[in-house]
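The values are calculated or read from the model by the stated rules, or taken from the named source; none is laboratory data. Computed from a predicted model, the values in this text were never measured in an experiment. Here the Cβ positions follow ideal geometry from the backbone for every residue, glycine too, while neighbour counts run over all protein chains shown. These accessible areas exclude ligands, DNA and RNA; they are computed on the full protein's heavy atoms, side chains included. Shrake-Rupley method; radii C 1.70, N 1.55, O 1.52, S 1.80 Å.
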Amino acid sequence: MNNLVSTIPKKNIDFGKNYIEVLDNVFTGHKTTLRVDKLSFTSEPKNRENLTGSLKSLKSTSKYKVEHYESTGDISKLYTRTIEISSKKNRNIGLIIHYKPKVKNINFIRFELSPQHIKPKKMAYLINFLAKPVHLGDEIFNLLKIAKVTRIDIALDIYGISCFDYYFGLDKATKGKLYPKETNNGFGGVRLGSYLSNLHITAYDKVFIKKSTLTLDVVSNEIFRFMRIEARIKPKSQDAPLLSDLFFVENFPNPFERLSIYPLSIKEQLFKHRYFCDLLDKMTIPEALCHLEKGYGKDCIRKILQQNKVCVFDSKLLWEREKMLCMQLISPLQQPAYWDRVQWSKFISKLRC
């Protein structure tokens, strides 16, 4: 493996193939792409016992590998069992199912997938695998019809710039975390907001490698660095949109609307507030503002910040134009008209033509 590539942590290499390219880059001046990074939704079967039996019967085939195991990690606090379904050709193409809840007031089954790795056609085939009579059959359509979205991550990738070229703020946020720039390869980033909030945003650097496999020699001009701004939305249970209505909901939030971006030169404007500037070397702007005691020029600092925002991209116009295209990235999960046996069969037949 090329020495340059070997120094890049795998988590910082982008393998996602399902995205839309924002062609009119009047806002950034850089190549910009948008994608649905992760999506999870929950549902409730008509009969829990029958669904449990069907889930237990899921087995590997020539195309898909199926693994059953006890839930682990944070999800184990909510669900007892996990099923992982993945393509034998590409493990990134897959679906994770959690079921049998441990706590009250949550739905019986939870689905999680990473649309960044799954093009719509492959996503449809994955649903078709579950819809086979020997698996979940028509129950999968019943589950999809009433499924509610519990999390969606929208990622905006802007090539040619780094998250360390800017400071970031998030309106109404009081928490966050600064991940220092690593000395050997320059990766790190910032989180704005709490993991527990309905919205938090992270900004960090990644690279795209032009070669399809890292076992081939890769030269430096085939490595493209970019900044990812990722918004994680976790709707409150009472406000959770139906999966089929996800991008049609009028009040579905613009995930980047509350984000503010500032140039590094903002410190020059804040020179009278040395203590605040020092805080920015070790924490995020939301944390630093929260850290200040009352009367320490907070209003003045906020005014300076407001006056020095930079428009790396126009979030309002971007979301107005691209929201519906985002829907197309998960189109099999946005087609309730096909969610019955007859219509689904016709849909799949068209895909195979």
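Might you let me know whether segment 108-117 holds any residue that is within 22 Å of Asp340 (Cα to Cα) and open to solvent by 40 Å² or more (accessible area, probe 1.4 Å)? Within segment 108-117, none of the residues are within 22 Å of Asp340 (Cα to Cα) and open to solvent by 40 Å² or more (accessible area, probe 1.4 Å).
Residues in segment 321-353 that are more than 16 Å from Leu113 (Cβ to Cβ) and in contact with a Leu (Cβ under 8 Å, 6 or more places away or on another chain): Glu322, Leu325, Pro336, Trp339.
With respect to the conditions (1) open to solvent by 50 Å² or more (accessible area, probe 1.4 Å); (2) over 22 Å from the mean Cα position of the chain (by Cα); (3) over 21 Å from Ile146 (Cα atoms); (4) modelled with pLDDT of 95 or more, Lys89 falls short on a single one, namely (4). Considering segment 149-206, the residues that are assigned to a strand (DSSP E or B), closer than 18 Å to Leu280 by Cα and among the aromatic types (Phe, Trp, Tyr) include one that is nearest to the chain's Cα centre (by Cα), namely Tyr204.
Between Phe313, Phe276, Phe256, the distinction of being touching a residue at least 12 places away in the same chain (Cβ under 8 Å) and within 17 Å of the chain's Cα centre (by Cα) belongs to Phe256 only. When segment 324-350 is filtered for residues that are closer than 27 Å to Asp153 by Cα and open to solvent by 40 Å² or more (accessible area, probe 1.4 Å), the ones remaining, listed by number, are Met324, Leu325, Gln328, Gln335, Pro336, Ala337, Tyr338. The single residue among Ile201, Ile209 that is in contact with a Phe, Trp or Tyr (Cβ under 9 Å, 6 or more places away or on another chain), at pLDDT below 90 and open to solvent by less than 50 Å² (accessible area, probe 1.4 Å) turns out to be Ile209. Scanning segment 245-271 for residues that are open to solvent by 30 Å² or more (accessible area, probe 1.4 Å), modelled with pLDDT under 90 and assigned to a loop (DSSP other than H, G, I, E, B) yields Phe248, Val249, Glu250, Asn251, Pro253, Phe271. The number of residues in segment 73-90 that are in a loop (DSSP other than H, G, I, E, B) and more than 19 Å from Lys104 (Cα to Cα) comes to 3.
When Gly297 is tested against (1) surrounded by fewer than 16 Cβ atoms within 10 Å (Cβ to Cβ); (2) on the phi < 0 side of the Ramachandran plot, only condition (2) is not met. Which of the residues that make up segment 294-312 are in contact with a Leu (Cβ under 7 Å, 6 or more places away or on another chain) and modelled with pLDDT under 90? Matches in segment 294-312: Lys298 only.
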